[in-house]
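The values are calculated or read from the model by the stated rules, or taken from the named source; none is laboratory data. Only a predicted model underlies this, so the values are computations on that prediction, with no experimental measurement involved. Don't worry about glycine lacking a Cβ; one is built from the backbone with ideal geometry, like all the others, and counts go over all protein chains shown. Surface areas here come from the heavy atoms of the whole protein model, side chains and all, with no ligands, DNA or RNA. Shrake-Rupley method; radii C 1.70, N 1.55, O 1.52, S 1.80 Å.
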Amino acid sequence: MSNCTKPLIHVSNLCKSYGNSKILSGISFDIESGDLVSVIGPSGCGKSTLLRCLNCLEVLDDGEISIDSIRLLASDHRKNESLFSRRANRLRLNVGMVFQEFNLFPHKTLLGNITLAQTVVKSESVGKARDLAMFLLEKVGLGNFGERYPWSLSGGQKQRAAIARALAMKPKVMLYDEPTSSLDPEMIEEVLQVMRDLDNDGMTQIIVTHEMRFAKDASDYIIYMENGEIVEISDEDEIFINPQDDRTRRFLKRYM
Amino acid sequence: MRALFALLFLLASVSASAEDRVLKWAADPGSGAPNVFYADGDLSKLCGFEKDIIEKIANIIGRGAVFCQNDWEVLIPGLRVGLYDVAINGIVPDDTLSSAVIFSDPYYACSLSLIVREQNDRIQSVLDCNGATVGVLQNAKSEAILVGSIKKINVISYPSEYCVLEDLRNGRVDAALLDGQIAAYYVANSSDLRIVDSVGEVKYSIAAAPENIALMCEIDRAIAAMKMDGSLDAIVAKWHLDNDSYRKLAANVRSIRPEISKNFQEKFSKDVKLHGGYLKMLPFFAKAATVTLSLSIFGMSVAIIFGLGLAMVRVFTPRWISGIAILIIEFLRGTPLLIQMFFVFYGLPYIGIRLSPMCAGILTLGINYSSYEAENFRAGMAAVPHGQMEAARALGMNQWQALRHVILPQAFAFILPPLTNDFIALLKDSSLVSLITIVELTRTYTMIASNSMDFFGTGAIVALVYFLIGLPFVCLARLAEKYLRLEKRAYFARKSLK
């Protein structure tokens, strides 16, 4: 009942390390429903790991994540692993993820890619899954490509198909891990446009990106990270025109 | 050049004259006591009553006896290709053999003994064997006697009497019909078996190649001399092999060699065709091919299923469980298939697991090959990019769903070529089951070839049959490869677009 007043995504004191190297330390933020948030920062600052933690592809060492009132506590994982992973599976259903390398299933057509998880995970009927897949392909501008295999598509088309595949699970949040980094420049815009359209539809999106112009134009706000910490969270104009932190200023200078 | 030839000629003549003074005799110690065997399992202590006899003969004809080891089934073919001068190992002359080699006068005779388990009261004589399963030695006369005299009988032939008696003990066969002296020797040494009946009579002769007719005459004279002076009796008595059949034989010292030798001169001067036509063999090979094929197909199915399981356990379980899987894989592929086969067929009955030959064959082949398939599957799964698993998990699939729908279909495309390889290898390895009494292609080959003395033509046929039954699977795999291989599919599609 009180969900509507709560933020859709709540992260507090999130910590993650590989062996002795600390990747994330004490990350906390809230994201409201419908926001488009860009995460920027130098390579190796932990922004991809943050995204993967949000989708439980990485298990958090400490802190908590809650998305749409499903709460994941690092301490739960230590106490009861199977309960944690069941809850993580439930949380994942609310979260769509798009990868830098697309990760489309090469042995399936685009329709097969988009219907697979629907039929397997949600036990959706084939007909219904197909209808939704066609609708989503239309939406990302690939209406005629349903029977094509991923290898026959350009990078931009693949990434749009990957977005459609994630949307088919009807997530509440979409996560993008450098969605345009392995694309040719002329294909970047078509992918960004899909994300803008989704923003207009009210989708909550978190994007790890190096596209500063897109981050500036489309984001509701921007998270700047360095060395596994959030340096600055601020309004998109604010951070680009008048960064509060020296580190942010130095980073942006190289990009703008 | 001429000098070289001269030297070679000299060497050849020297070695030939050296060979003249020895008598190379062959037997299979593996076929067991008391004929020719290794005492106490010590491979330096060859003994047996036939060894004593042949050494005595060699002594009489003034040659040194040299032992040559060969498998019992191919003792006669070995004579034909000149590996040794004579074979002496419980060989009973019959019509088919007589067309290939010549035989001495018999040196020993006995009846066949029917052996049953101590607690078996049902079978008291050979006639009680109606409907029963009886074990015999391969290529032995007992099979003909049984099949000829009893209507409903299942005869299984074994490579050695150890195997017959092992299977009699563990109940795969109800009775065993073995040469009297063999039966007596083993039953005397085991409390759980007994002899209930004696039938027929077999006479052992020494065999030699037809061109050694002169040698054979000498041997016949030696045997006659041994019968006269009692040295043959002494050997038979030493091994406790005395019986009525033998006594009758020993009393008759007249050699029948002159007539036979004339017979043979006629026979072999005309260069007789030995095999009875290949067309007649085809039904046997066809039947054997279906056995080989079903062994291979079922074996491979077991290998794929069990191998997939092993690979899954190895990749996706905690360390201590996957460690067990690794141990199983390494053990299975690190030990010979033949030993596993013997272990499963003859060893497992000790702990109460008695499998039919076909079952044991399929299981052993399948489980042995599962270790290779497990590694294939592991390599195939490792070849699928990690992002595929992450994408599947991110879409909400659990690990099993991701494996089933995303990883394995792609992995299968990678492992199809090595899988086909292994199937062909298994098809050929299936020949090993001939050692656990299954009559498949290789066994059919050795049976037909050693009877018809035609290892060349029959060999070519059986090789062709192996090749032909493997071929469809190779073609099928190629097709599937073309279809499944993603890069290839891309390649062909692009080509057709242009």
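If you put +1 on each Lys and Arg Cβ and -1 on each Asp and Glu Cβ, how big is the dipole of the range B:279-497 around its Cα centre, in Debye rounded to 20?
Values: 18 positive and 10 negative charges, 112 e Å.
Approximately 540 debye in magnitude.
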For this session: Please average, across the residues of B:379-385, the number of beta carbons from any other chain that are within 10 Å of each residue's own beta carbon, and give a whole number.
Result: 1
Exercise. Around residue B:138, which amide H atoms from residues at least 5 apart in sequence, or from another chain, sit under 5 Å from its own amide H, with H modelled in the peptide plane?
Worked result: B:158
Problem set entry | For the range A:22-37, 3J(HN,Hα) per residue [Karplus equation, 6.51 cos²θ - 1.76 cosθ + 1.60, θ = phi - 60°, Hz, x = Gly/Pro] | 7, 9, 10, 9, x, 7, 9, 6, 10, 10, 7, 4, x, 6, 10, 10
For this session: Name the residue farthest towards the positive end of the dipole of the range B:279-497 from the options B:303, B:438, B:376, assuming +1 on Cβ of Lys and Arg, -1 on Cβ of Asp and Glu, about the Cα centre.
Result: B:376
Exercise. Rounded to two decimals, what ratio of Rg to Rh does the range B:108-202 give with C-alpha atoms and a Kirkwood Rh?
Worked result: 0.91
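Which loop-located GluC sites (Glu not before Pro) does the range A:142-241 contain, where loop means any DSSP state but H, G, I, E or B and the Cβ has at most 13 other Cβ atoms within 10 Å? The partial results should precede the final answer.
Details: sites: A:147, A:186, A:189, A:190, A:211, A:226, A:229, A:232, A:236, A:238; in loops: A:147, A:211.
Passing sites in the range A:142-241 are A:147.
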For this session: Taking the Cα centre of the protein assembly as shown as origin, sum charge times position over the Cβ atoms of Lys and Arg (+1) and Asp and Glu (-1), and report the length of that vector in debye to the nearest 20.
Result: 1100 debye
Exercise. Toward the positive end of the charge dipole of chain B, about the Cα centre and with charges on Cβ (Lys, Arg +1; Asp, Glu -1), which of B:98, B:402, B:186 goes farthest?
Worked result: B:402
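Kindly provide the Kirkwood hydrodynamic radius of the protein assembly as shown in Å, to one decimal, from all pairs of distinct alpha carbon atoms.
Working: mean 1/r = 0.0303 Å⁻¹.
Kirkwood radius, the protein assembly as shown: 33.0 Å.
Applying 1/(1 + (r/R0)^6) with R0 = 41 Å to the Cβ-Cβ distance of residue A:227 and residue B:383, what FRET efficiency is obtained, to the nearest 0.05? Don't jump to the answer; show the numbers that get you there.
On the way: r = 36 Å, r/R0 = 0.87.
So, using R0 = 41 Å, E works out to roughly 0.70.
Which value results when the Cα radius of gyration for chain A is divided by 2.2 N^0.38 Å? Don't skip to the end; give the middle numbers.
Values: Rg = 18.3 Å, N = 256, 2.2 N^0.38 = 18.1 Å.
Chain A yields a ratio of 1.01.
Under the rule a/c < 1.5 gives rounded, and otherwise a/b versus b/c splits prolate from oblate, where does the range B:279-497 land using the Cα gyration tensor? Each step should come with its number before you reach the end.
Working: a/c = 3.35, a/b = 1.47, b/c = 2.27.
Verdict is oblate for the range B:279-497.
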For this session: Taking chain B as the reference, fit the longest principal axis to its C-alpha atoms, fit the long axis of helix B:49-60 to the helix C-alpha atoms, and give the angle between the two in degrees, 0 to 90, nearest 10.
Result: 50 degrees
Exercise. For chain A, what relative contact order do you get, as a whole percent, if you take Cα pairs closer than 8 Å and at least 6 residues apart?
Worked result: 25 percent
For this session: On a 0 to 90° scale, report how tilted helix B:455-484 is relative to the longest principal axis of chain B, with both axes built from alpha carbons and the result rounded to the nearest 10.
Result: 10 degrees
For this session: Could you let me know the centre-to-centre spacing of the range B:393-452 and the range A:96-167, using Cα atoms, in angstrom?
Result: 35 Å
Exercise. What's log10 of I(q)/I(0) for the range B:62-156 at q = 0.13, 0.15, 0.25 Å⁻¹, Debye sum over Cα points only, no solvent?
Worked result: -0.61, -0.75, -1.37
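How many Å² of accessible area per residue for chain A, probe 1.4 Å?
Here the per-residue accessible area is 44 Å².
Out of all DSSP beta bridges in chain A, what portion is antiparallel? Express it as a percent rounded to 5. Working shown, then result.
Values: 22 of 39 bridges.
In chain A, DSSP labels about 55 percent of beta bridges as antiparallel.
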Exercise. Using modelled backbone amide H atoms (1.01 Å from N, in-plane), which distant-in-sequence or interchain residues come within less than 5 Å of residue A:231's amide H?
Worked result: A:224, A:225, A:226
For this session: In whole Å, largest first, what are the principal axis extents of the Cα atoms in the range A:45-177?
Result: 48, 36, 24
Exercise. In Å² (nearest 100), what accessible area is buried between B and A, both sides summed, heavy protein atoms only, 1.4 Å probe?
Worked result: 2000 Å²
Exercise. Name the residues of the range B:390-435 whose accessible area, probed at 1.4 Å, falls by at least 30 Å² once all protein chains are in place instead of their chain on its own?
Worked result: B:390, B:391, B:393, B:394, B:395, B:396, B:397, B:401, B:405, B:410
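What full-extension length gain, to one decimal in nm, is calculated for residue B:280 and residue B:252 as 0.36 nm per residue of separation minus the Cα-Cα distance? Can you show the working numbers first?
Numbers: separation 28, 0.36 × 28 = 10.08 nm, distance 4.08 nm.
In short, 6.0 nm is gained.
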Problem set entry | For the range A:146-154, Karplus couplings with θ = phi - 60° (6.51, -1.76, 1.60), whole Hz, Gly/Pro x | x, 8, 7, 8, x, 4, 8, 10, 7
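Return the subset of B:152/B:248; A:128/B:482; A:6/A:108; A:47/A:216; A:108/A:128 for which the Cα-Cα distance in this structure is over 28 Å, preserving the input order. Display every interim value, and only then the final one.
Values: B:152/B:248 34 Å; A:128/B:482 32 Å; A:6/A:108 40 Å; A:47/A:216 17 Å; A:108/A:128 18 Å.
Violating the 28 Å Cα-Cα cut-off are B:152/B:248; A:128/B:482; A:6/A:108.
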Exercise. If each of residue B:460 and residue B:356 carries a label point 7 Å out from its Cα toward its Cβ, how far apart are those two points in nm?
Worked result: 3.8 nm
Problem set entry | chain B - convex hull of alpha carbons, volume per residue in Å³ | 245 Å³
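With charges set only on the Cβ (+1 for Lys and Arg, -1 for Asp and Glu), what does the dipole of the range B:108-202 come to about its Cα centre, in debye to the nearest 20?
Working: 8 positive and 12 negative charges, 45 e Å.
I would put it at about 220 debye.
Quantify, in whole percent, the carbon and sulfur part of the accessible surface of the protein assembly as shown (1.4 Å probe; protein heavy atoms only).
Numbers: 20170 of 35160 Å².
The C+S portion of the solvent-accessible surface of the protein assembly as shown is 57 percent.
Would you tell me the mean number of C-beta atoms belonging to other protein chains that fall within 10 Å of each C-beta in A:97-108, as a whole number?
Working: counts 5, 2, 4, 1, 5, 2, 11, 3, 9, 11, 11, 4.
Counting Cβ atoms of other protein chains within 10 Å of each residue's Cβ and averaging gives 6.
Using per-residue counts of other Cβ atoms within 10 Å, averaged over each peptide, order A:7-17, A:102-112, B:350-360 from highest down.
Values: A:7-17: 18.3, A:102-112: 21.6, B:350-360: 14.0.
Going from most to least packed, we get A:102-112, A:7-17, B:350-360.
Averaging sequence separations of C-alpha pairs under 8 Å and six or more residues apart, then dividing by the length of the range B:108-202, give the relative contact order as a whole percent. Please list the in-between numbers first.
On the way: 185 pairs, mean separation 45.9, N = 95.
Normalised by residue count, the contact order of the range B:108-202 is 48 percent.
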Exercise. Per the Cauchy relation, a quarter of the hull surface: what is the mean projected area of the convex hull of the alpha carbons in the range A:171-256, in nm²?
Worked result: 6.1 nm²
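For the range A:70-125, just run the numbers: alpha carbon Rg, then divide by 2.2 N^0.38 Å, N being how many residues it has.
Compared with the compact-globule rule of thumb, the range A:70-125 sits at 1.45.
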For this session: Would you mind checking the tilt of helix B:408-429 against the longest principal axis of the Cα atoms of chain B, expressed as 0 to 90 degrees and rounded to 10?
Result: 0 degrees
